[in-house]
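Student: Sending over a structure as structure tokens; questions will come in a sec.
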Amino acid sequence: MSKVVKVLKLRPTTGRVGGNRNSRRALVAGGAGFLGSHLCERLLLDGYEVVALDNFHTGKKYNLNTILHDQKFTCVEHDVVDALPSGLHVDEIYNLACPASPPHYQADPIHTFKTSVIGSLNLLELARRHDAKIFQASTSEVYGDPLVHPQPENYFGNVNPHGPRSCYDEGKRSAETLFFDYSRMFSLDIRVARIFNTYGRRMQPDDGRVVSNFIVQALRGEDLTVYGSGRQTRSFCYADDLIEGFVRLMNAPQAPLHPVNLGNPVEFTIMELATLVIEYTNSRSKIVHRPLPVDDPRQRRPDISFARENLGWEPRISLAQGLARTVEYFDALLYGGHLVREAAVL
Ligand SMILES: NC(=O)c1ccc[n+]([C@@H]2O[C@H](COP(=O)([O-])OP(=O)(O)OC[C@H]3O[C@@H](n4cnc5c(N)ncnc54)[C@H](O)[C@@H]3O)[C@@H](O)[C@H]2O)c1
């Protein structure tokens, strides 16, 4: 991995670039993050001019290595909580700016909340000024510890408003409120995705998410930490599948009148995931149990009927395929690709 990172300066823009569909400009807030960097790559491939805006809190400049020198790509270091740089003329906005893993969003909960609320307001105002379509990366955390299973979009959730996870969960819920109020008051074209647990290349080894935790622990030969009994369930979507869902939602001819669940409906227990990771890394690690964190949801599975029927979208990459690719990524990142034996990645 290259240590050389360079952030391109914002190129002042005075108007829309070109007049055809291929020269539309997209702004990706949170563009240096795990999902944001994949989205920037995809939009460039689709012919967009792309501006990534990021404060590099959890995002990494090296996530942008593959696109940094693309003429149609610009990266701006900026915090969405602050007034946005002038001269940003955009046709489409994707708001992914927000730390997504508990250790990171809990490190400064007030800033996390501001990021969701003030950041969304700033981007919604930008969208309004330019009559741009705007996408919000919401989350399955809006369902909290759900009492309805699987979770359909019309379920209002079971969320603790004052616990250690609330800065994230309630911040995202408030952002949804703002998006729909801008749509109702100003007829803004909004697209809101509720993203369920997604994993893949470019997750950070230390970001505290279950898939990356397990893989890194297994590669290091450390015990895998399972919180609680491990019977709690999650559904895991591979990043490439999710990005396809983003693009389909953004390009749907009609804006859905509600948030849309995007995630993998195949449910696994955390113990099943731990066992699979040990298998795919060929590791001798053991599984150890620790107390469950406060407000950890017991089960999660998206009802993706709406996305299936209206966007023709559903995940294509199995957990086995996705884990193999992710293990390969972490092995290359941490050990130059030496640790994982052929059996683990094929
Ligand atoms: N990955 C998932 O499983 C998942 C699930 C649900 C929702 N989401 C949402 O998707 C989005 C992207 O998540 P991710 O997994 O790529 O996480 P990530 O932490 O890798 O990406 C977030 C990006 O936003 C940037 N950022 C954070 N605060 C900012 C601020 N104030 N101003 C500018 N940039 C800021 C970070 O530096 C980072 O690049 C987030 O909004 C997250 O809430 C992700």
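We did not get these values from a lab; they are worked out from the coordinates using the rules stated. Bear in mind that the values here come from a model prediction, so they are computed numbers and not experimental data. Virtual Cβ from ideal backbone geometry, glycine too; neighbours counted across all protein chains shown.
Student: Under 15 Å between C-alpha atoms is the cut-off here; go through the chain and count lysine pairs that meet it, provided they're at least eight residues apart or on different chains.
Tutor: Taking the chain as the scope, the lysine pair count is 7.
Student: GluC sites (Glu not before Pro), restricted to segment 140-241: which are DSSP loop and have at most 15 other Cβ atoms within 10 Å?
Tutor: Counting only loop positions with at most 15 other Cβ atoms within 10 Å, the GluC sites (Glu not before Pro) in segment 140-241 are Glu222.
Student: Spin-label point model (7 Å from Cα, Cβ direction): what's the His258 to Leu334 distance in nm?
Tutor: 4.1 nm
Student: Just from its helices, what would the mean residue ellipticity at 222 nm be for the chain, if runs of 4 or more DSSP H residues each count -39500 (n - 2.57) and the sum is divided by every residue, rounded to the nearest 500 deg cm²/dmol?
Tutor: -11500 deg cm²/dmol
Student: Please get the size of the charge dipole for segment 208-346, origin at its Cα centre, with Cβ charges of +1 on Lys and Arg and -1 on Asp and Glu, quoted in debye to the nearest 20.
Tutor: Here segment 208-346 has a charge dipole of around 280 debye.
Student: While we're here: Mind pulling the angle between the C-alpha long axis of helix 210-220 and the longest principal axis of the chain? Nearest 10 degrees, somewhere in 0 to 90.
Tutor: In the chain, helix 210-220 runs at an angle near 50 degrees to the longest axis.
Student: Round to the nearest 10 and give me the degree value, 0 to 90, for the angle of helix 239-251's Cα axis relative to the longest principal axis of the chain.
Tutor: Taking the Cα atoms of the chain, the angle to 239-251 is about 30 degrees.
Student: Listing Tyr155, Tyr280, Tyr335, Tyr143 from the residue with the fewest other Cβ atoms within 10 Å to the one with the most, what is the order?
Tutor: Placing the least packed residue first, the sequence is Tyr335, Tyr155, Tyr280, Tyr143.
Student: Quote the charge dipole size of the chain about the Cα centre in Debye, to the nearest 20; the model charges only the Cβ of Lys and Arg (+1) and of Asp and Glu (-1).
Tutor: Dipole of the chain, to the nearest 20 debye: 500 debye.
Student: Kindly identify segment 96-187 as rounded, prolate or oblate by the Cα gyration tensor criterion: order the square roots of the eigenvalues as a ≥ b ≥ c, call it rounded if a/c is under 1.5, otherwise compare a/b with b/c, prolate if a/b is larger, else oblate.
Tutor: Oblate.
Student: Multiply the residue gap between Ser229 and Asp46 by 0.36 nm, knock off their C-alpha separation, and tell me the result in nm, one decimal place.
Tutor: Between Ser229 and Asp46, full extension yields an extra 61.5 nm.
Student: Right, another one. Report, largest value first, the span of the C-alpha coordinates of the chain along each principal axis, in whole Å.
Tutor: 58, 46, 38
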